Amino acid sequence: MAPSAPQVVVTGLGTVNALAGSVSEFVAALRAGTCGIGPVTVFDSTGYRSRIAAEVRPADADAPAGVASALRRRLSRSDVFALRATAEALADAGLAGAVPRERIGLAIGGTTGGMLRGEESLRERIQGTRDQYPSASVLGAPISASADVLADAFDLAGPRLSLSTACSSSANALGAALDWISLGRADVVVTGGTESLCRMTFAGFNALHALSLAPCRPFDRERSGLSLGEGAAILVVESAEHAARRGARVHAELLSYGNSADAHHLTAPHPEGTGAALAMRRALARAGLAPEDIDYINAHGTGTPLNDTVEAMAITAVFGEAAARLAVSSTKGAVGHTLGAAGAIEALATILALRDGFLPPTVNLTDPDPTCAFDLVPRDSRSATLRYALSNSYGFGGNNTSVVLGRA
């Protein structure tokens, strides 16, 4: 008989996003229903249809102290976010000297890497203010660079993986971390995602007319598009047995994940939500849970007319009668759509909800769409005792991932 899979738990949390430079700030902002969406300042947005996004505060966009100068020179904005979030997560987990470096894995999701710095170098070349590309902008360009930076900065010598599956990238990173712990390939995995705003994605979503002119309003009858965001969230995961041996605090349980591909369209979800439903069903099956066991869903909930309707259809298809008692909210009205980091930031919000006993609100929701017939937690958070929760992440190309989390 094959040995049963170990219980996998989350022992470290870290984040940088438009609401906060730490987990404690993030949970306070979520509970307060704060919106972090405002004018774009990291690049000139003149001429774009929409000119707002959820930016990380300047004080949280500087490289942390102690980073070696050679490494500091090559850091992209995405790398800085990842470094700050990882430093917080590792300190929270109390890992210093507790685990051999070769037994700590690293799985990081993202989509833009050092694109913003590369764009700036190209602009300077075109304007004639620079005659060659600086090596730092080239070294920091790949999506994989952030994982390389983290391994170097924190001496993480275990298995390393960079994932890019559009907006489900960091949700899949959490899934890879779960698999590595379950298979014994690492004792601890540092996992999550990082993303910075850049002109390419901003211009692309503008061209698609997918950006809202005002802060996004997920699941609202008058919703008109998404708001882009940036930031990072990092989780430290390990088996419950390993955590107990070293006396680590446990924030939540990472139970399972499920993924699927729509195989339908480059940018649009399947109109019946079949892929999204399949990802949720696979996640529930792996966790050994029934639909009625789930108390809360942190929805993908982008605020675009099509996405929210399709996700609501998928949730109804999976949960049936149990959907009537579900709390379903989107945190994108608070932190924006952080693309490759969205799965990790939203999983973090879900963990905080489970740990601290509250429902994160759907910020900016004032007139709920009747086709999304759930408790959408409009505007204000509220106290709730949650046992199990689901976090959904759906990306371009039909990349669907659902993560199941449980209260510790």
With a ≥ b ≥ c taken as the square roots of the eigenvalues of the C-alpha gyration tensor of region 255-407, please select rounded if a/c is under 1.5 and otherwise prolate if a/b is larger than b/c or oblate if it is not? rounded
Multiplying the sequence separation of A63 and A244 by 0.36 nm and subtracting their Cα-Cα distance, what value in nm do you get? 61.9 nm
Everything considered on the Cα gyration tensor (a ≥ b ≥ c; rounded for a/c under 1.5, else prolate if a/b is larger than b/c, else oblate), the chain must be described as oblate
Using a Gaussian network model of the chain whose springs link C-alpha atoms within less than 10 Å, name the residue from T385, T302, T46 with the highest mean-square fluctuation. T46
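What percent does the relative contact order of the chain come to when contacts are Cα pairs within less than 8 Å and at least six residues apart? Present the calculation step by step, with values, prior to reporting the outcome.
Details: 1121 pairs, mean separation 95.7, N = 408.
Averaging sequence separation for qualifying contacts and normalising by length gives 23 percent for the chain.
Could you put T366, T309 in order, starting from the residue whose Cβ has the fewest other Cβ atoms within 10 Å? Can you show the working numbers first?
On the way: T366 11, T309 18.
Fewest to most other Cβ atoms nearby, the residues stand as T366, T309.
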To make sure I understand, if each residue's beta carbon is the centre and we count other beta carbons within 10 Å, what order do F319, F219 fall in, fewest to most? F319, F219
Specify the inter-centroid distance of region 12-66 and region 192-222, based on alpha-carbon positions, in whole Å. 14
For the residue pair H265 and S182, what label-to-label distance in nm results when each label sits 7 Å from Cα along the Cα-to-beta-carbon direction? 3.2
Using modelled amide H (1.01 Å from N, peptide plane; none on Pro or chain starts), what sits under 5 Å from the amide H of I297, excluding residues fewer than 5 places away? A327, V328, S329, L390
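Antiparallel DSSP bridges in region 255-407: what percent, to the nearest 5? Spell out each step's value before the answer.
Values: 16 of 24 bridges.
Around 65 percent of the beta bridges assigned by DSSP in region 255-407 are antiparallel ones.
Can you tell me what share of the DSSP beta bridges in the chain is antiparallel? A percent to the nearest 5 is fine. Working shown, then result.
On the way: 42 of 64 bridges.
Given both bridge residues lie in the chain, the antiparallel proportion sits at roughly 65 percent.
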Only residues of region 348-365 count here: report those whose backbone N is under 19 Å from the spot 7 Å along Cα→Cβ of E222, or say none. 362-365
Taking Cα centroids, how far is region 332-398 from region 275-310 in Å? 11
How big is the shadow of the Cα convex hull of region 328-408, averaged over all directions, in nm²? 5.6
Label-point separation in nm, S4 to L208, each point 7 Å along Cα→Cβ: 4.3
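Contour minus end-to-end for T129 and R101, with contour as 0.36 nm per residue of separation and end-to-end as the Cα-Cα distance? Kindly include the intermediate steps, with their values, before the conclusion.
On the way: separation 28, 0.36 × 28 = 10.08 nm, distance 4.35 nm.
Contour length minus Cα-Cα distance gives 5.7 nm.
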Helix-only [θ]222 nm of the chain, DSSP H runs n ≥ 4, -39500 (n - 2.57) each, per residue, nearest 500: -10000 deg cm²/dmol
GNM on the chain, Cα springs under 10 Å; top mean-square fluctuation among V335, V27, V80 goes to V27
Select from F154, F358, F43 the residue whose mean-square fluctuation is largest in a Gaussian network model of the chain (Cα-Cα springs shorter than 10 Å). F43
Could you put M115, M280 in order, starting from the residue whose Cβ has the fewest other Cβ atoms within 10 Å? M115, M280
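The numbers here are math on the coordinates, done by the rules we state, and not lab data. In this text, all values refer to a predicted model and were calculated from it rather than measured experimentally. Here Cβ is always computed from backbone atoms with ideal geometry, including for glycine, and neighbour counts include all displayed protein chains.
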